[in-house]
């Protein structure tokens, strides 16, 4: 598997330790724990860096480095998202069983459009407040949960054996109703992605 962090740094430089602004939707804690426990045998194979239960999330937006925002901009973004989120419904999404992708072990989500509406809203607020100063890192969006990332040791992974192991693990698709957006400062150490919460926003009247 390709090194996830190398890909991120090539597409949008993200040095280890730097905090970037992100928005996430969070599955309930019991779901996060169940997913990480259930698929740990694959997530901890050589070449993989497992995501800790407390760090499992659905990314909505990977924005700019925290230090690049001007005074008041982050507060204005949070206020704008809070205002527009009131008119939106909670996101209902079904997480599929995880699959080995090119850079990670991921649970894809469907339908994508409800989560995509939240992504568009957050990006629009961000662009308005910053006057489009920062490019969008991704031009499209699909909801997913990552359980492990490929590391620089990813070539050690025997993909055929990993897929066989994954096929033997129990677990059905998971139905989620996500009603809370969180703004976080996110960073990585080239193995693990971690984040600290900066604020939370409710979708609709949830």
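None of the figures in this text is laboratory data; all of them are computed from the coordinates on show. These figures come from a predicted structure and were not determined experimentally.
For the range 1-139, what is the relative contact order in percent, using Cα pairs closer than 8 Å and at least 6 residues apart in sequence? RCO, the range 1-139: 27 percent.
Helix 73-85 axis versus longest C-alpha principal axis of the chain: approximately 80°, rounded to the nearest ten. Expressed as an acute angle from 0 to 90° and rounded to the nearest 10, what is the orientation of the C-alpha long axis of helix 159-168 relative to the principal long axis of the chain? It is inclined by approximately 90 degrees.
One Cα centroid belongs to the range 108-166, the other to the range 171-196; the line between them spans 11 Å. The helix-only estimate of mean residue ellipticity at 222 nm for the chain, built from DSSP H runs of length n ≥ 4 each weighted as -39500 (n - 2.57), is -9000 deg cm²/dmol after division by the residue total. Mean separation of Cα pairs under 8 Å and 6 or more residues apart, divided by the residue count, gives the range 160-206 a relative contact order of 33 percent.
Pull out a ≥ b ≥ c, the square roots of the eigenvalues of the alpha-carbon gyration tensor of the chain, then state rounded if a/c is under 1.5, prolate if not and a/b is larger than b/c, and oblate in the remaining case. Here the chain falls in the oblate category.
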